[in-house]
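Pasting a structure here, questions to come.
The values are calculated or read from the model by the stated rules, or taken from the named source; none is laboratory data. Everything numeric here is computed off the predicted structure, so don't read it as measured data. Cβ coordinates were reconstructed from backbone atoms using ideal geometry, including for glycine residues, and neighbour counts include every protein chain displayed. SASA here: full protein model, heavy atoms, side chains in, ligands and nucleic acids out. Shrake-Rupley method; radii C 1.70, N 1.55, O 1.52, S 1.80 Å.
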Amino acid sequence: MWGGRFASGPDAIMEEINASIGFDKRLYKQDIAGSIAHATMLETVGILTRDDRDAIVAGLETVRGEIDKGTFTFSRALEDIHMNVESRLRELIGEPAGRLHTARSRNDQVATDFRLYVRDCIDMLVAQIATLQGVLVDKAEAEADTVMPGFTHLQSAQPVTFGHHMLAYVEMLERDRGRMLDARRRLNESPLGAAALAGTSFPIDRAMTAETLGFDRPMANSLDAVSDRDFILETLAAASICAMHLSRLSEELVVWSSAQFNFVRLSDKFSTGSSIMPQKRNPDAAELIRAKVARIYGAFSSLLMVMKGLPLAYSKDMQEDKEVAFDALDNFSLSLAAMTGMMDDLTVNRDRMAAAAGAGFSTATDLADWLVRAANVPFRDAHHITGRAVAAAEARGCGLEGLTIEDFKAIDERITSQVFKVLGVDNSVKSRTSFGGTAPANVREQARLWRERLTA
């Protein structure tokens, strides 16, 4: 490729550091699609003859078939996917192959390929997120009445339902899905035809190639077109936030599946054993999802560092964008698939959750609220009275429901026997009917609305 300018080939070390075919070969479908669109446009505007265009398209389809079947031989000496495809095309059709690169550069070519690839990834990831949401909605509906402790500071706070807890992650994932779709909308502009950095003097039709490749429009500035990597940064940022949500759920699964909590049981499909302790059921899938967040964060940070000091337009540094991005997106997809499988197979220990929900004076706020509603006590005073009741129950070694009416009246005469209606955890969650609250009726209605939304 460099024969016209250089007298000798690259040193072996230069070849090693320069070659990207080891990882960018996965762009072959996008590269060939872009080349077919480019060749078709060149023929339409009169730069290529119909015969040359037909030969190029037929040859590119042959190359794609060879790569699909695994019979294509990739060459490190040809550096990247673009030159590997073009070299094989020349072997297949001869001189017309040399006309394909008219009015474009590897700079706009790789930018186009990468955008197409990331767009395909986003479409797949958005579908995976929606599938996970569907599993969580199913779980929420099935466990709408399942009472569990709600935590703050990982301390028992107020009873909630497991269904309500699941819907919290559905909400998080919807924001993640929205961020992915928003990133897709912004990336969907075509760099093809920007050439090296300044555009081209040939009378090309960039709008035609943009439309052919499913882009909304061509990018408006040739410098920006070849030097921008915001589209993958934004995708990795969205992936990082979603992976953080997966990690939070993974952490809860690790805690909940422990013998000390025993709230849930992961299926054998998503657990492993110990090489020395036969009783162990390790939540390795959840732990690995929790760990893979580091790879996704790392890719985002790595690419930010690559881009932060680069002048316009293209620099070879930008070759480092793909390897970390491919790894991050692969592992993000794998994490979504693993979480979907784990949650689909998850078994809930309802009795254990219910018992834990009543521990730690979790209905104390219900007592305070009752004092406000039934006895017209200012909330701050009710808070103080409830604190005294908790102290009395703690001294007795019982829950609030274990105190007698005499015990309550000794604390405050305004308390009546009606208070016992709010001290049970089931009554507590049923009373939380405010919009967004944990009441089972709310959970069922939200599950219904989510199912409609996800299947629309």
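Which far-off residues, 5 or more places away or on another chain, put their amide H under 5 Å from the one on Val377, with H placed in the peptide plane?
Here Val372 satisfy the definition.
Follow-up question, since we're still on this one. At most 12 other C-beta atoms within 10 Å and a DSSP loop state: those are the exposed trypsin sites (Lys or Arg not before Pro) I care about. Give me the longest piece of the chain that has none. It would help to have the intermediate numbers written out before the result.
Numbers: sites that count: Arg5, Lys280, Lys308.
Excluding the exposed sites themselves, the longest stretch runs over 6-279.
Same structure, new question: Want the number for Glu413 to Asp182: 0.36 nm per residue separation, take away the alpha-carbon distance, what's left?
On the way: separation 231, 0.36 × 231 = 83.16 nm, distance 5.84 nm.
Full extension from Glu413 to Asp182 adds 77.3 nm.
On alpha carbon coordinates alone, what is the Rg over Rh value for the range 17-102, Rh being the Kirkwood radius? Walk me through the numbers before you get to the answer.
Numbers: Rg = 12.6 Å, Rh = 13.0 Å.
Dividing the radius of gyration by the Kirkwood radius yields 0.97.
When the helix-only estimate is applied to the chain (DSSP H runs of n ≥ 4, each -39,500 (n - 2.57), divided by the residue count), what is the mean residue ellipticity at 222 nm, nearest 500 deg cm²/dmol? Numbers along the way, then the final one.
On the way: 18 runs with 282 residues, N = 456.
Using -39500 (n - 2.57) per qualifying helix, the result is -20500 deg cm²/dmol.
Now for a separate question. Ignoring ligands, DNA and RNA, what percent of the accessible area of the range 17-102 is carbon or sulfur (1.4 Å)?
Working: 1760 of 3770 Å².
Here it works out to 47 percent.
Under 8 Å for C-alpha pairs, at least 6 residues apart: give me the relative contact order for the chain, rounded to a whole percent. All intermediate terms of the calculation are to be shown ahead of the outcome.
Values: 642 pairs, mean separation 77.6, N = 456.
With pairs under 8 Å counted, the relative contact order is 17 percent.
What's the Cα-based Rg to Rh of the chain, Rh via Kirkwood? Mind dumping the intermediate values first?
Values: Rg = 30.5 Å, Rh = 26.3 Å.
Looking at the chain, the ratio lands at 1.16.
Now for a different question. For the range 333-394 and the range 30-77, what is the separation of their C-alpha centers, rounded to whole Å?
First find each Cα centre; the distance between them is then 63 Å.
If you don't mind, there's one more thing I want to ask. Considering amide H positions built from the backbone, and no H for Pro or chain starts, which residues 5 or more places from Met148, or on another chain, come under 5 Å of its amide H?
Correct list: Val160, Thr161, Phe162.
Express as a percent, rounded to the nearest 5, the fraction of DSSP beta bridges in the chain (both residues included) that run antiparallel. Don't skip to the answer; put the middle values down first.
On the way: 9 of 11 bridges.
Expressed as a percentage, antiparallel bridges in the chain total about 80.
Report, to the nearest whole %, how much of the accessible area of the range 321-375 belongs to carbon and sulfur atoms, 1.4 Å probe, protein only. Let's see the in-between values first.
Values: 960 of 1950 Å².
The computed percentage sits at 49.
Here is a follow-up. Using DSSP to call loops (not H, G, I, E or B), can you name the GluC sites (Glu not before Pro) in the range 179-267 whose Cβ has at most 13 other Cβ atoms within 10 angstrom? If you can, show how the numbers build up before the last one.
Numbers: sites: Glu189, Glu211, Glu234, Glu251, Glu252; in loops: none.
Answer by residue number: there is no such site.
Still on this structure, I have one more. When ligands, DNA and RNA are left out and all protein chains stay put, how many square angstrom of accessible area per residue does the chain have with a 1.4 Å probe? Walk me through the numbers before you get to the answer.
Details: 21590 Å² over 456 residues.
Using a 1.4 Å probe on heavy atoms only, each residue of the chain averages 47 Å².
I need the helices of the chain that pass two filters: whole DSSP H segments spanning 20 Å or more by Cα along the axis, and mean Kyte-Doolittle score no lower than -0.5. Before the final figure, lay out each step's value.
Working: long enough: 28-44 (24 Å, -0.08); 50-69 (28 Å, -0.76); 106-142 (54 Å, 0.16); 162-187 (38 Å, -0.69); 230-256 (39 Å, 0.93); 284-307 (35 Å, 0.88); 320-345 (39 Å, -0.02); 379-396 (25 Å, -0.32); 440-455 (22 Å, -1.24).
The answer, listed by residue number, is 28-44, 106-142, 230-256, 284-307, 320-345, 379-396.
May I ask you to list the aspartates and glutamates whose Cα is less than 15 Å away from that of Lys139, ignoring any residue fewer than eight positions away on the same chain?
Qualifying aspartates and glutamates at Cα under 15 Å: Glu171, Asp344, Asp345, Glu445.
If a paramagnetic tag sat 7 Å from the Cα of Ala12 along the Cα-Cβ line, which residues of the range 47-79 would have the backbone N under 17 Å from that point?
Hits in the range 47-79 for Ala12 at 17 Å: 76-78.
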